Every structure is written in C-alpha cells, then in structure tokens.
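Single-structure report; data block below.
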Amino acid sequence: MNGVEPEYVLDPETEELFISQWKVKIMSTNRFNKSIYTPEDIKKVLSDKYNTVASEFIALAEKYDLKNDVKYTPAKKLWKCVYTLKKSKRVIFTVFASPEELRLKANLFNIDKYLSVYTLTDTIKHQLLNNCWDCGDCHGNCRKGVRFKLDGQSYYKCIGGAFTFINLDAADFRKIVELTELELKENEL
C-alpha cells in the first residue's frame, strides 16, 4: 500500500477487520482467506508491552521451522496462532492475543526432564500449577497428562489445560520462550 504501514482495526460490532481503507471479512467467516493472516498480524492488536515478547515467540517458531495457523475467534474476540511441528503435526505452543491479553499455552510434555535444573519465578510457578487442572484420565478418553516435580512435590496435570500462561511480564514470558525451546530440543532427540 504505497510503502505506508497499514492500520489494522477490528470492528467488535460487525467482527470485520479493516486494513486502512480496505474492509476485509475476518477469516472465520471467509475460509478462503485463511492464509492471508500471519503471526505478524497478531502483533498489531497487542499492547506495546507485549510486541517484543510476541516477536520472540515468532522468532522461535521460525528458528525451528514450525508451521503456523492464524485464526480470529469471534466468540472470544481474540486472535489465535497455533504452532506445530511440520512432520508430526504436534502442537508445540499456541498464542492467544487481544488488546487486553497475551496468553500462551505451551505443550511442555517433557518438562520434568529440564525443570529440575531450570529456575522459575514464583509467578510462573503459580500459573504453572493453577492455570490448569489435575489429570484424572478422563474415563479412558484422555490424551494422558504430564507428570513433573516442582519444589520437591509431584504433579500430574491434564495436557488439555496445562502450561497456560496469561499476561506475564516480559521477563517471565522470555522464560517461557526458553522452556519452549528446551521442549523443541527434546523433540529433536
């Protein structure tokens, strides 16, 4: 658009995305436009304090050649970007973004292998233990949970809700980037 950075504005009433003077239906109502949204587009709705953090997650995904799938979820009025391994299609992490919130769900299946030598802040520990539920094996329909030890105590958390971090400060989100990279390195073995 003539070298000018477009302005992205989401109309909450109509759930239409306006890009400068162009009006584009959001991808959830126009499935043919799915591929036009990128993780960089999500950064445009985040508050300034989370733009650097979002860039770090995007860089991590690019470093490990993860596939991304960006969608807008009208019911929750937020953007969602799922990052998966290309070969196995295993979800590594999911970013949820709105002007008020940055939430990350990191699938840290192997957390027990590196948690014992990694120092976490009290805020991260609190969210690690309280933003999810204990695994109950869901009557045989469960994907199984993740077992790990933290501060000498054992936990078994459901992978469906485990490891969700919401509105951390930038330094704590960077620690989650590091944990996610450890998980990716574990997958390379």
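Brief remarks follow.
- Matching residues, region 81-103, being open to solvent by 70 Å² or more (accessible area, probe 1.4 Å) and not small (Gly, Ala, Ser): 86, 87, 89, 99, 100
Conditions tested, residue by residue: (1) touching a Lys or Arg at 6+ places or on another chain (Cβ under 9 Å); (2) exposed (fewer than 12 other Cβ atoms within 10 Å of the Cβ); (3) modelled with pLDDT of 55 or more; (4) farther than 30 Å from residue 187 by Cβ.
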position	(1), (2), (3), (4)
8	yes, no, yes, yes
21	no, yes, no, yes
24	no, no, no, yes
27	yes, no, no, no
53	yes, no, yes, no
69	yes, no, yes, no
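- Close contacts from region 109-134, counting a first residue that is within 26 Å of residue 84 (Cβ to Cβ) and a second that is of a type in the set (Lys, Arg) and part of a helix (DSSP H, G or I), with Cβ to Cβ under 7 Å and a gap of 6+ residues or different chains, come to 120/175; 124/175.
- For residue 68, the conditions (1) out of contact with any Pro (no Cβ under 6 Å at 6 or more places or on another chain); (2) not in a loop (DSSP other than H, G, I, E, B) are fulfilled apart from (1).
- Within region 111-128, being farther than 20 Å from residue 170 by Cβ and open to solvent by 40 Å² or more (accessible area, probe 1.4 Å) holds for 112, 113, 116, 117.
- Residue within region 135-147 that is within 19 Å of residue 50 (Cβ to Cβ) and either in contact with a Phe, Trp or Tyr (Cβ under 6 Å, 6 or more places away or on another chain) or surrounded by 12 or more Cβ atoms within 10 Å (Cβ to Cβ) (or both) present: no
- Being of a type outside the set (Lys, Arg), under 20 Å from residue 186 (Cβ atoms) and either in contact (Cβ under 8 Å) with a residue 40 or more places away in the chain or buried (at least 19 other Cβ atoms within 10 Å of the Cβ) (or both) holds for only one residue in 170, 106, and it is 106.
The values are calculated or read from the model by the stated rules, or taken from the named source; none is laboratory data. No experiment lies behind these values; they were computed from the predicted model shown. Virtual Cβ from ideal backbone geometry, glycine too; neighbours counted across all protein chains shown. The area values use the complete protein model at the heavy-atom level, side chains included, leaving out ligands, DNA and RNA. Shrake-Rupley method; radii C 1.70, N 1.55, O 1.52, S 1.80 Å.
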